[in-house]
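Student: Here's a structure for you.
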Amino acid sequence: MAVAVRDLTEILLSRGKLDRGALQRAAHLRSVSGEPIHHILPRLGLVSEEDMAQALAESLGLALVATKDFPPKPILGDRVAVDFLRQSRVLPIAETGSEIRVAMADPLDAYALEAMRMLVDKAVRPVVAVPAELERQIERLYGDGRAAETERLRQSAAAQTASARKPGETQDVERLKDLASGAPVIRLVNRMIGEAVTRRASDIHIEPFEGSMRLRFRIDGQLRAMEPPPPELHPAIVSRVKVMAGLDIVERRLSQDGRCKTSVEGRDIDLRISIVPTLHGESVVLRILDRAQAPLDLGKLGFADTPLQRLNDALGHGNGILLVTGPTGSGKTTTLYAALQRLNGPDRKIVTVEDPVEYQLPGVNQIQVNPRIGLGFANILRSVLRHDPDVIMVGEIRDVETARIAVQAALTGHLVLSTLHTNSASGAVTRLIDMGVEPYLLTSALRAIVAQRLVRSLCPHCRAPFTESADALRLVGITADGINAATRTAKRATLYRAKGCEKCGGSGYLGRSSVAEVLPISERVRRLVLERADVVEIERAARAEGMRTMREDGLAKAQAGQTTLEEVLRVTQAE
């Protein structure tokens, strides 16, 4: 069985999984090493294992095995050597009287196919498997290979600890460096990051406690406990993370922050790393910045048509302030980055002042705040104005000085984007006035205010519809205004609940989406600001002009099957 290189690569190119430049790199390496193209592309991180498996299956006319197709117990039992299965990356998944069905990471491996034929003395029918899934199934059926590798790493750490009999920090540091650069701990940390990316996690938390270590992933905003490595491996794991981020491996008493890049499943991943000392050791949080999970496109962030149009209208002005408000973790920065992507072009100079810089945007001048050396938001903003920018993004307005400079920048012909910590769009106005910004300046500078939250999106593969009466909805604070016209007429609403399936890992949710309200600064709102009206009056005026609140936006998404009523109530309960 052979595969035409052109057919395989053309499949990947046509699906947008590979570009011509990456293909040229792989082809050059192939000409030098002689290694097959379907080995080179995933190894270089140019194509994910899953995409390569799908392309191989299509080019060879073979089936692609799914997780549910793997058997509950070994097919051949102890008739096959586990080392052979692991090294050849093959796994028998079904057997009949005349043939055996074998999942293979590389169906072009003639040696593995012939070895299986000789072993069972039957015809062998190969199917294609994603390598990572195949390895997981081999470990599940034939033994805990990960545990064996972890045990080897544990023994290595113990051996090096035992050898370090002489006291002294230098020798201890050298031991940690040796552990951090060793293949087992590198594989362990890489596997941890890879699993987090596969599960769509936004953060990895590694926390030491007395006699134990806790590993948790934040998935769709919720922390989930994972199987942790042995606690004695904690120093080696922390040291490896420090090496990756270029941090001081010796310093274990002070907090450290850093960042690095890695490649997982064919795509580049940015990692933002924070390490803080705790009572039982250093606690590590790795923020995973994966553009595939957080596309920097306003149209893909979950904004409904009317709020999105109002947001685009505000960005269409050449000057003024656009504010995005909400608590920490509500997606404000992602929204601002998506707005910058929309504005980014050769005809505009864009400068950002951030703490910290999360995504790196080509063509955008990004500045990292460093208060320890006097490089604060206000100081940087003054310097930025002398660089003739068209668009300025201020990561957060934290004090009156920064707010006033931002307003002055907007009034002198710049478009300013920033964030503010308030519960609602109308609350941002009163917050700025309370900080000391004069109302007459705000009315001239403000273009629009966005308030947003993130709700978990229902898994489309397993969501379950149900009906709820309008009376029951009123019991949880949802009035007729929050229910669409059809529901008010029928007295019942069709909603959806989370169920759980293989696609969503049993949670019932898959990804997150925004619920938002967008408040344009109209003439009526300007008059209220000049009169120092309170939040309720401003919101009432905005709703009269067509603004839909976050809760109303969330209820519309719940009725559309995009999220659940519980999620909407959870994130808008303070509204």
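Student: From the set of residues in segment 111-125 that are open to solvent by 40 Å² or more (accessible area, probe 1.4 Å), among the hydrophobic types (A, V, I, L, M, F, W, C) and without any contact (Cβ under 8 Å) to a residue 40 or more places away in the chain, which is farthest from Leu56 (Cα to Cα)?
Tutor: The extreme case among them is Met118.
Student: Among the residues of segment 42-65, how many are part of a helix (DSSP H, G or I), touching a Lys or Arg at 6+ places or on another chain (Cβ under 9 Å) and of a type outside the set (Gly, Ala, Ser)?
Tutor: 3
Student: Identify all residues within segment 313-332 that are open to solvent by 50 Å² or more (accessible area, probe 1.4 Å) and either in contact with a helix residue (DSSP H, G or I) (Cβ under 9 Å, 6 or more places away or on another chain) or assigned to a helix (DSSP H, G or I) (or both); write none if there are none.
Tutor: Asp313, Asn319 - these are the residues of segment 313-332 that are open to solvent by 50 Å² or more (accessible area, probe 1.4 Å) and either in contact with a helix residue (DSSP H, G or I) (Cβ under 9 Å, 6 or more places away or on another chain) or assigned to a helix (DSSP H, G or I) (or both).
Student: Is there a residue being modelled with pLDDT under 85, of a type in the set (Gly, Ala, Ser) and within 34 Å of the chain's Cα centre (by Cα) anywhere in segment 59-75?
Tutor: No; the residues of segment 59-75 include none that is modelled with pLDDT under 85, of a type in the set (Gly, Ala, Ser) and within 34 Å of the chain's Cα centre (by Cα).
Student: Another question about this same structure. Taking the residues in segment 378-389 that are part of a loop (DSSP other than H, G, I, E, B) and touching a strand residue (DSSP E or B) at 6+ places or on another chain (Cβ under 7 Å) as candidates, determine which candidate is most open to solvent (accessible area, probe 1.4 Å).
Tutor: The residue in question is His387.
Student: Among the residues in segment 7-15, are any of a type in the set (Val, Ile, Thr), touching a Ser or Thr at 6+ places or on another chain (Cβ under 8 Å) and without any contact (Cβ under 8 Å) to a residue 40 or more places away in the chain?
Tutor: no
Student: Could you tell me whether segment 43-52 includes any residue that is more than 23 Å from the chain's Cα centre (by Cα), within 22 Å of Ala129 (Cα to Cα) and at pLDDT 80 or above?
Tutor: Scanning segment 43-52 turns up no residue that is more than 23 Å from the chain's Cα centre (by Cα), within 22 Å of Ala129 (Cα to Cα) and at pLDDT 80 or above.
Student: Right, here's the next one. Considering only segment 543-565, I want to know if a residue exists there that is of a type in the set (Gly, Ala, Ser), surrounded by fewer than 15 Cβ atoms within 10 Å (Cβ to Cβ) and in contact (Cβ under 8 Å) with a residue 60 or more places away in the chain.
Tutor: Checking segment 543-565: at least one residue is of a type in the set (Gly, Ala, Ser), surrounded by fewer than 15 Cβ atoms within 10 Å (Cβ to Cβ) and in contact (Cβ under 8 Å) with a residue 60 or more places away in the chain.
Student: Separate question: In segment 12-31, which residues are closer than 14 Å to Met52 by Cβ and either touching a Lys or Arg at 6+ places or on another chain (Cβ under 7 Å) or in a helix (DSSP H, G or I) (or both)?
Tutor: Leu12, Leu13, Ala22, Leu23, Ala26, listed by residue number.
Student: For the subset of segment 64-73 comprising residues that are open to solvent by less than 50 Å² (accessible area, probe 1.4 Å) and in contact (Cβ under 8 Å) with a residue 40 or more places away in the chain, which member is nearest to Pro107 (Cα to Cα)?
Tutor: Result: Val65.
Student: Additional query: How about segment 397-504: which helices (runs of 4 or more DSSP H) wholly inside it have at least 2 residues that are exposed (fewer than 13 other Cβ atoms within 10 Å of the Cβ), at pLDDT 90 or above and among the hydrophobic types (A, V, I, L, M, F, W, C)?
Tutor: none
Student: Looking at segment 223-242, which of the residues that are open to solvent by 40 Å² or more (accessible area, probe 1.4 Å) and either modelled with pLDDT under 90 or in contact with a Phe, Trp or Tyr (Cβ under 7 Å, 6 or more places away or on another chain) (or both) is nearest to Glu358 (Cα to Cα)?
Tutor: Arg224
Student: Only one residue in Arg272, Arg310, Arg287 is more than 30 Å from Ala132 (Cβ to Cβ), surrounded by 15 or more Cβ atoms within 10 Å (Cβ to Cβ) and in contact (Cβ under 8 Å) with a residue 24 or more places away in the chain. Which one?
Tutor: Unique residue meeting the criteria: Arg310.
Student: On to the next question. Please specify each residue of segment 386-418 satisfying the condition of being under 19 Å from Asn344 (Cα atoms) and touching a residue at least 60 places away in the same chain (Cβ under 8 Å).
Tutor: Asp390, Gly395, Ala410, Gly413, His414, Leu415, Val416, Leu417, Ser418
Student: Which one of the conditions (1) more than 18 Å from Ala129 (Cα to Cα); (2) surrounded by fewer than 16 Cβ atoms within 10 Å (Cβ to Cβ) does Val80 fail to meet, given that it meets all the rest?
Tutor: Among (1) more than 18 Å from Ala129 (Cα to Cα); (2) surrounded by fewer than 16 Cβ atoms within 10 Å (Cβ to Cβ), Val80 violates only (2).
Student: Give just the number: which of (1) in contact with a strand residue (DSSP E or B) (Cβ under 7 Å, 6 or more places away or on another chain); (2) free of Cβ contacts under 8 Å to residues at least 12 places away in the same chain does Asp78 not satisfy?
Tutor: (1)
Student: Still on this structure, I have one more. Starting from residues that are among the hydroxyl-bearing types (Ser, Thr, Tyr) and touching a residue at least 24 places away in the same chain (Cβ under 8 Å), keep the ones in segment 83-110 and report whichever is most open to solvent (accessible area, probe 1.4 Å).
Tutor: Ser98
Student: Scan segment 342-377 residue by residue and report those that are part of a helix (DSSP H, G or I) and surrounded by 19 or more Cβ atoms within 10 Å (Cβ to Cβ).
Tutor: Listed by number, the list holds a single entry, Phe377.
Student: Determine which member of the set Ser507, Ser513 is part of a loop (DSSP other than H, G, I, E, B), surrounded by 12 or more Cβ atoms within 10 Å (Cβ to Cβ), modelled with pLDDT of 85 or more and touching a Gly at 6+ places or on another chain (Cβ under 9 Å).
Tutor: The conditions single out Ser507.
Student: Being in contact with a Lys or Arg (Cβ under 9 Å, 6 or more places away or on another chain) and farther than 18 Å from Arg287 by Cα is the filter here; which residues of segment 236-250 pass it?
Tutor: Hits for segment 236-250 are Asp248, Ile249.
Student: Moving to a separate point now. Out of (1) under 31 Å from the mean Cα position of the chain (by Cα); (2) modelled with pLDDT of 90 or more; (3) closer than 23 Å to Gly16 by Cα; (4) not basic (Lys, Arg), what's the single condition that is false for Ala103?
Tutor: So Ala103 meets the others, but not (3).
Student: Among the residues that make up segment 19-33, is at least one of them within 29 Å of Arg101 (Cβ to Cβ) and either surrounded by fewer than 19 Cβ atoms within 10 Å (Cβ to Cβ) or not hydrophobic (A, V, I, L, M, F, W, C) (or both)?
Tutor: Looking for residues that are within 29 Å of Arg101 (Cβ to Cβ) and either surrounded by fewer than 19 Cβ atoms within 10 Å (Cβ to Cβ) or not hydrophobic (A, V, I, L, M, F, W, C) (or both), one finds none in segment 19-33, hence no.
The values are calculated or read from the model by the stated rules, or taken from the named source; none is laboratory data. Computed from a predicted model, the values in this text were never measured in an experiment. Ideal geometry is used to build each Cβ from the backbone, glycine not excepted, and the neighbour counts take in all protein chains shown. To get the accessible areas, we keep the full protein, side chains included, count just its heavy atoms, and leave off ligands, DNA and RNA. Shrake-Rupley method; radii C 1.70, N 1.55, O 1.52, S 1.80 Å.
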